[in-house]
Amino acid sequence: MYLFRLAMASLANRRFTALLTAFAIALSVCLLLAVERVRTEARASFASTISGTDLIVGARSGSVNLLLYSVFRIGNATNNIRWDSFEHFANNPKVKWAIPMSLGDSHRGYRVMGTSEAYFEHYQYGHRQNLELATGRPFATDPFEVVLGAEVAEALHYKLGDKLVLAHGVAAISLVKHDDKPFTVVGILKRTGTPVDRTLHISLGGMEAIHIDWHNGVPARGAGRVTADQARNMDLTPQAITAFMLGLNSKISTFALQREINDFRGEPMMAILPGVALQELWSLMSTAEKALFVVSLFVVLTGLIGMLTAILTSLNERRREMAILRSVGARPWHIATLLVFEALALALAGVVAGVGLLYLCIAVAQGYVQSNYGIYLPLSWPTEYEWTLLGGILAAALLMGCVPAWRAYRQSLADGLSIRL
């Protein structure tokens, strides 16, 4: 124990260099744990982008493609689904609720989704969290009402009562707009950290109304055009939708209904389980995830090499100190153990400071990260895996400490009590 106290005294004598070395290790440890914590929570957040939905149904394509355009608003559907096909499964005894979705238009780079009131009632994200309005109300009987996601409202500075014009297609800059049928902002959703924040929500009737005088992707001209007031008095039941989500009365019937949808003879459709498709999509990004983790490991290695360099650099300067220790009875292995203790103390101080720095950063940034990126970073004790990483760092520091310890051992034997400078 006296050797450890002696190591602490030696570090205190070189406190400026020791503090810088410990700080470098602390930063690297903080980065490693932060990457691991964000990686873990991002995976959990990614998996909870949608929750409480048993099946997502769309035109037959690939499961990842269906997930991307229906949940993440990325890409486009290969085909639409007839409205009567949706009604057929929405009225199935196994189905508790159904949310239709119609995509294809945009507004200043943000996607527009036509849906029903069931979307605000049944759509869930995170840990079974329902959508909530920050202000206003959901769209009602008027087809030209829009509910904005939080990011859309914030980025474009919209408020209740503002008018906006939707564009045809999903390009960031569109030359074809539905400027004869403007929409009124009636509600703004609370931030969720999911693609909902980047979506404009209108009714299926509204989606039908802006396209009612379109033929083959081209708006009618002259007398063929339908005004907004005329559209309000017309039957706005959609002929087709892009996809729909289903919540079932019993989880047991999920696979049976999935097979029924996939084998539906009315038109080619496919049903996917959101959780399975999310894991499949996440696996596609595993390479980048592992690369980020490897980079953070190399940062830790750099910090430990800095510690090794600092100790090795000080060896020649401390040869007189070691000779004095030998003169008072220290053996060469005492000198070697002293340096191992110094390396371990620096690493331990860096690890403790790194963990403390991590929690400080989480406490400061927790609310911002959750509200803007949908990632919840808990102020919890390190997980078993994180403890393993910290133990690995200390073990690596102990091994690196053996290098200057061996050199000091050899120098101590060579110098004896006569120091040669």
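The values are calculated or read from the model by the stated rules, or taken from the named source; none is laboratory data. Nothing here was measured: the structure is a model prediction, and the numbers come from that model. Here the Cβ positions follow ideal geometry from the backbone for every residue, glycine too, while neighbour counts run over all protein chains shown.
Has the stretch 270-287 got any residue that is under 25 Å from the mean Cα position of the chain (by Cα), crowded, with 18+ Cβ neighbours inside 10 Å and under 27 Å from A26 (Cα atoms)? No. Residues in the stretch 179-203 that are more than 20 Å from A140 (Cβ to Cβ), surrounded by 19 or more Cβ atoms within 10 Å (Cβ to Cβ) and not β-branched (V, I, T): R191, G193, P195, D197. Looking only at the stretch 127-137, decide whether some residue is crowded, with 20+ Cβ neighbours inside 10 Å, farther than 20 Å from S250 by Cα and of a type outside the set (S, T, Y). Checked against the condition, which is being crowded, with 20+ Cβ neighbours inside 10 Å, farther than 20 Å from S250 by Cα and of a type outside the set (S, T, Y), the stretch 127-137 yields at least one hit.
For the stretch 50-84, a residue qualifies if it is in contact with a strand residue (DSSP E or B) (Cβ under 6 Å, 6 or more places away or on another chain), surrounded by fewer than 20 Cβ atoms within 10 Å (Cβ to Cβ) and among the β-branched types (V, I, T), and exactly one does: T78. What about I252, is it more than 17 Å from A44 (Cα to Cα), in a helix (DSSP H, G or I) and touching a strand residue (DSSP E or B) at 6+ places or on another chain (Cβ under 8 Å)? Judged against the criteria, I252 is not a match. Of all residues in the stretch 8-28 being β-branched (V, I, T) and crowded, with 19+ Cβ neighbours inside 10 Å, which is modelled with the highest pLDDT? The residue in question is I25. Checking each residue in the stretch 34-70 for being acidic (D, E) and not in a helix (DSSP H, G or I) picks out only D54. Determine whether the stretch 307-328 contains at least one residue that is modelled with pLDDT of 80 or more and among the hydrophobic types (A, V, I, L, M, F, W, C). Scanning the stretch 307-328 turns up no residue that is modelled with pLDDT of 80 or more and among the hydrophobic types (A, V, I, L, M, F, W, C). When we screen L377, L357 for residues that are modelled with pLDDT of 90 or more, assigned by TED's automatic domain parsing to the domain that holds R37 and in contact with a helix residue (DSSP H, G or I) (Cβ under 8 Å, 6 or more places away or on another chain), the only hit is L357. Name the single residue, out of those in the stretch 268-304 being assigned to a helix (DSSP H, G or I), in contact with a Phe, Trp or Tyr (Cβ under 9 Å, 6 or more places away or on another chain) and under 30 Å from A98 (Cβ atoms), that is modelled with the highest pLDDT. Applying the filter and picking the extreme gives L278. Hey, could you check the stretch 107-154 for residues that are within 20 Å of the chain's Cα centre (by Cα) and polar (S, T, N, Q) and say which is nearest to G52 (Cα to Cα)? Top of the filtered list is Q124.
The set of residues from the stretch 138-163 being among the hydroxyl-bearing types (S, T, Y) and surrounded by 13 or more Cβ atoms within 10 Å (Cβ to Cβ) comprises just one member, Y158. Taking the criterion of being surrounded by fewer than 21 Cβ atoms within 10 Å (Cβ to Cβ) and in a helix (DSSP H, G or I), the residues of the stretch 87-118 that qualify are E87, H88, A90, A118.
Quick check, is P143 farther than 30 Å from G367 by Cα and either part of a loop (DSSP other than H, G, I, E, B) or not assigned by TED's automatic domain parsing to the domain that holds S70 (or both)? So P143 fits the description; yes. Only one entry of L67, L32 meets the criterion of being over 22 Å from L246 (Cα atoms) and either in contact with a helix residue (DSSP H, G or I) (Cβ under 7 Å, 6 or more places away or on another chain) or basic (K, R) (or both), and that entry is L32.
Close Cβ contacts (under 9 Å, 6 or more residues apart or on different chains) running from residues in the stretch 204-219 that are over 19 Å from H107 (Cβ atoms) to residues that are outside any helix (DSSP H, G or I) and modelled with pLDDT under 70 comprise D213/P219; D213/A220.
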